[in-house]
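Sharing a structure here in structure tokens format.
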Amino acid sequence: MLLAPDKFKGSLTAVEVVRHLTAGLRRAAPDIEVRGFPVADGGDGTLDAAVSAGFRRVPVTVAGPTGAPVKTAFGYADGVAVVELADACGLRRLPSGVPAPLRASSHGAGEVIRAALEHGCPEVVLGLGGSASTDGGAGLVAALGVRLLDERGAELPPGGAALRRLRRVDLAGLHPAVRRTRFVVAGDVDSPLLGPTGAAAVYGPQKGATDDDVLLLEAGLTRWADLAETAVRDADLLGPDGSGPGRPVSVWPGAGAAGGVGFAALAFLGARFRPGIELLLDLLGFPQAVAGADLVVTGEGSLDAQSLRGKAPVGVAGAAARAGVPTVAVAGQVGVGPDELRHAGIRAAYPLTDLEPDPVACQERAAELVEKVAQTLAADWLDPAGDSSR
């Protein structure tokens, strides 16, 4: 069995899910051959998934979302660096979990990228998701040497609200390795930067922004988009693949991802976007790992309608199907029916709520329940000799 779950948000990391699935399966069938392959879709857990797949962790200390130092890392293998924005400056890095919608910054993610560039990495994969900021990626590019200046020529403080005072974007100090590095972004948000479906309006409230805050952030992002695109054009930086004249980068799908970090990646880094789980499965070697497997076990905390729109379990099931291997799922709760799951390539689902209906208790007992569910799964999918059956 190949165990390829995502995290169970709020209770278990993907690595922990693998550990407890393995324990339960081996309790039912001690001689079963099990391989762990924790996955992520670009958000929380992306770095851990890369390290589990053989990437080397390169430690870095950077500024968290509100400036306090945090210890993070990038994953490195064969010239590729994997950077997880969430681990550097995401929501879970907010001190005491207190939101800072107007002043939170993506600077820390830029510092990790800078460290990867100075490590000599010719390719950087940036996982977006779990962002604490709505600064349009201004902090990220500032960490790479771009100066954001007000009308007096002073550098702006961090955060999306300060962008309303932006008067000039100076690219003279942009890290020289940016132009010769290939950037790929793992993300599934296809929102533009601005407007009613943009970074501030849709995702700002999820990061603690009030209605008035959203207006301030939208005004800052609007100014940032205008001046940043002018600076990029004047500096003759490469824009996103296929961008044509008269089509601002701010309207591109994905520009609104991670509070607008997608915009900065497209405009300043010339990044290419790929669906998060698709990119990570290819990068981490899933096609090689699944070869010869009899069954794939995937999962996440809540397997629901949103999961069916391309989140990790469905991506895993699709990749397994292409290799001719069936997939089942373990989840905290399941919010879709068997027919929808089968259409998504998932033969069966095993919710922890079948054992513990109370959602709070289910989260608290997740480790124990995963092991119990694994034993049920083994009884359903292993023949009496302990071999996987189809």
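The values are calculated or read from the model by the stated rules, or taken from the named source; none is laboratory data. Note that this is a predicted model, so its numbers are computed, not measured. Every residue, glycine among them, receives a Cβ derived from its backbone with ideal geometry; neighbour counts consider all protein chains shown. Ligands, DNA and RNA are excluded from the accessible area calculation, which covers all protein heavy atoms including side chains. Shrake-Rupley method; radii C 1.70, N 1.55, O 1.52, S 1.80 Å.
Residues of segment 181-193 being open to solvent by 80 Å² or more (accessible area, probe 1.4 Å) and at pLDDT 95 or above, which ones?
Answer for segment 181-193, where residues must be open to solvent by 80 Å² or more (accessible area, probe 1.4 Å) and at pLDDT 95 or above: just ARG182.
Based on what the data block shows, is ALA200 under 16 Å from GLY260 (Cα atoms), open to solvent by less than 40 Å² (accessible area, probe 1.4 Å) and in contact with a Lys or Arg (Cβ under 8 Å, 6 or more places away or on another chain)? Steps first, answer last, please.
Values: under 16 Å from GLY260 (Cα atoms): yes; open to solvent by less than 40 Å² (accessible area, probe 1.4 Å): yes; in contact with a Lys or Arg (Cβ under 8 Å, 6 or more places away or on another chain): no.
It is false that ALA200 is under 16 Å from GLY260 (Cα atoms), open to solvent by less than 40 Å² (accessible area, probe 1.4 Å) and in contact with a Lys or Arg (Cβ under 8 Å, 6 or more places away or on another chain).
Could you give every pair whose Cβ atoms fall below 8 Å, whose first residue belongs to segment 88-104 and is assigned to a helix (DSSP H, G or I), and whose second residue is surrounded by 18 or more Cβ atoms within 10 Å (Cβ to Cβ) and modelled with pLDDT under 95, counting only separations of at least 6 or pairs across chains?
If the second residue must be surrounded by 18 or more Cβ atoms within 10 Å (Cβ to Cβ) and modelled with pLDDT under 95, the pairs left are LEU91/GLY130; ARG92/ASP44; ARG92/GLY130.
Can you confirm whether segment 193-210 contains a residue that is assigned to a helix (DSSP H, G or I), in contact with a Gly (Cβ under 7 Å, 6 or more places away or on another chain), in contact (Cβ under 8 Å) with a residue 24 or more places away in the chain and closer than 12 Å to ARG164 by Cβ?
Within segment 193-210 (the criterion being assigned to a helix (DSSP H, G or I), in contact with a Gly (Cβ under 7 Å, 6 or more places away or on another chain), in contact (Cβ under 8 Å) with a residue 24 or more places away in the chain and closer than 12 Å to ARG164 by Cβ), the answer is no, since none of the residues qualifies.
Another question about this same structure. Which of (1) more than 25 Å from the chain's Cα centre (by Cα); (2) more than 28 Å from LEU283 (Cβ to Cβ); (3) open to solvent by 70 Å² or more (accessible area, probe 1.4 Å) is the odd one out, the single condition ARG347 does not satisfy?
(2)
Of all residues in segment 105-133, count the ones that are part of a loop (DSSP other than H, G, I, E, B) and of a type in the set (A, V, I, L, M). Before you say what the answer is, go through the steps one by one.
Residues of segment 105-133 that are part of a loop (DSSP other than H, G, I, E, B), as a first pass: 105-106, 119-122, 128-130, 132-133.
Within this subset, residues satisfying the condition of being of a type in the set (A, V, I, L, M) are 128, 132.
Within segment 105-133, residues that are part of a loop (DSSP other than H, G, I, E, B) and of a type in the set (A, V, I, L, M) number 2.
Out of the strands (runs of 3 or more DSSP E) lying entirely within segment 134-187, which hold 1 or more residues that are aromatic (Phe, Trp, Tyr)?
Values: elements: 147-149, 168-170, 182-186.
Passing ranges, in order: 182-186.
Here's a follow-up. So which of ALA14, ALA40, ALA49 ends up being closer than 17 Å to VAL373 by Cβ and among the aliphatic types (A, V, I, L, M)? Can you show your working first?
Numbers: ALA40 fails: closer than 17 Å to VAL373 by Cβ; ALA49 fails: closer than 17 Å to VAL373 by Cβ.
Criteria check complete, one pass: ALA14.
Here's another thing I want to ask about it. Do we have ASP6 as among the acidic types (Asp, Glu) and open to solvent by less than 10 Å² (accessible area, probe 1.4 Å) here?
Details: among the acidic types (Asp, Glu): yes; open to solvent by less than 10 Å² (accessible area, probe 1.4 Å): yes.
When the stated conditions are applied, ASP6 passes them.
What residue, among those in segment 52-65 that are open to solvent by 10 Å² or more (accessible area, probe 1.4 Å) and part of a loop (DSSP other than H, G, I, E, B), is nearest to PRO158 (Cα to Cα)? If you could, list the steps in order and put the result at the bottom.
Initial filter on segment 52-65 (open to solvent by 10 Å² or more (accessible area, probe 1.4 Å)): 52-61, 63.
Filter once more, keeping what is part of a loop (DSSP other than H, G, I, E, B): 53-55.
Details: ALA53: 35, GLY54: 35, PHE55: 32 Å.
Among those that are open to solvent by 10 Å² or more (accessible area, probe 1.4 Å) and part of a loop (DSSP other than H, G, I, E, B), it is PHE55.
Something else now. Please go through segment 22-37 and pick out each residue that is under 21 Å from ALA320 (Cβ atoms), touching a helix residue (DSSP H, G or I) at 6+ places or on another chain (Cβ under 9 Å) and open to solvent by 20 Å² or more (accessible area, probe 1.4 Å). Before the answer, list the steps.
So the first thing to find is which residues in segment 22-37 are under 21 Å from ALA320 (Cβ atoms), and the list is 22, 24-25, 29, 32-37.
Narrowing further to those that are touching a helix residue (DSSP H, G or I) at 6+ places or on another chain (Cβ under 9 Å): 22, 24-25, 29, 32, 34-37.
Listed by number, the residues that qualify are THR22, VAL34, ARG35, GLY36.
Read through the list (1) among the polar types (S, T, N, Q); (2) under 30 Å from ALA138 (Cβ atoms); (3) in contact (Cβ under 8 Å) with a residue 24 or more places away in the chain, then give the number of the only condition that SER52 fails.
(2) is the only condition that SER52 fails.
Filter segment 4-37 down to the residues that are part of a loop (DSSP other than H, G, I, E, B) and among the polar types (S, T, N, Q), then identify the one that is farthest from VAL360 (Cα to Cα).
Keep residues of segment 4-37 that are part of a loop (DSSP other than H, G, I, E, B), which gives 4-7, 9-11, 13, 29-34, 37.
Of the ones still in play, those that are also among the polar types (S, T, N, Q) are 11, 13.
Working: SER11: 10, THR13: 17 Å.
Step by step, filter segment 4-37, then rank; the result is THR13.
Still on this structure: From (1) touching a Ser or Thr at 6+ places or on another chain (Cβ under 6 Å); (2) surrounded by 20 or more Cβ atoms within 10 Å (Cβ to Cβ), pick out the condition that doesn't hold for TRP224.
Among (1) touching a Ser or Thr at 6+ places or on another chain (Cβ under 6 Å); (2) surrounded by 20 or more Cβ atoms within 10 Å (Cβ to Cβ), TRP224 violates only (1).
Separate question: Yes or no: ASP282 among the acidic types (Asp, Glu) and farther than 30 Å from ARG322 by Cβ?
no
Let me ask you something else. Name every residue in segment 350-359 that is at pLDDT 95 or above and surrounded by fewer than 21 Cβ atoms within 10 Å (Cβ to Cβ), in order of residue number. Please lay out each step first, then the result.
Residues of segment 350-359 at pLDDT 95 or above: 350-358.
Across segment 350-359, the qualifying residues are THR353, ASP354, LEU355, GLU356, PRO357, ASP358.
For residues that are crowded, with 19+ Cβ neighbours inside 10 Å, part of a strand (DSSP E or B) and of a type in the set (A, V, I, L, M, F, W, C), tally how many sit in segment 71-87. Can you show your working first?
Let us first name the residues in segment 71-87 that are crowded, with 19+ Cβ neighbours inside 10 Å, namely 72-76, 80-87.
Keeping just the survivors that are part of a strand (DSSP E or B) gives 72-76, 80-84.
Next, from what is left, pick out any that are of a type in the set (A, V, I, L, M, F, W, C): 73-74, 80-83.
Residues that pass the stated criteria total 6.
Of the residues ALA40, ALA49, which is in a helix (DSSP H, G or I), closer than 19 Å to THR327 by Cβ and either of a type in the set (Asp, Glu) or within 12 Å of the chain's Cα centre (by Cα) (or both)? Step through it out loud before you land on a result.
Numbers: ALA40 fails: in a helix (DSSP H, G or I).
The unique qualifying residue is ALA49.
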